[in-house]
Amino acid sequence: MEKVRRGRQEKRAHRQGSGYWTRCPSCGKDVVKKELLKKGCYVCGAGPETDRAPVPYKIPCPRCGRPVVREAMERTGCYLCGFRPEGTGKGRTHGH
């Protein structure tokens, strides 16, 4: 397990040192630095010249509080606890 963790740290350090990748200041995802500066983040849309406000990539589930992908929550609900917002059209939450 330690070997896997060390490998991830080395990979992250290599990516950061390359200057090619950077973290989006809005959603925290690793994105190509040149594209972030030119077009904005491909994940959340945040960028230097975007008219819209950055949208978080993950949001906390209203029921269980765990972070879930915003787009998936809006479409189908929380994949961890089964909570479904009213606008999803998928019926009742299972188990409740």
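The values are calculated or read from the model by the stated rules, or taken from the named source; none is laboratory data. Note that the structure is predicted; figures quoted are calculated from it, not measured. With ideal geometry, Cβ positions are generated from the backbone for all residues, glycine too; neighbour counts draw on all protein chains shown.
There is at least one residue in segment 60-79 that is surrounded by 17 or more Cβ atoms within 10 Å (Cβ to Cβ), at positive phi, out of contact with any strand residue (DSSP E or B) (no Cβ under 7 Å at 6 or more places or on another chain) and at pLDDT 85 or above.
Among the residues of segment 26-41, are any at pLDDT below 75 and basic (Lys, Arg)? No, segment 26-41 contains no residue that is at pLDDT below 75 and basic (Lys, Arg).
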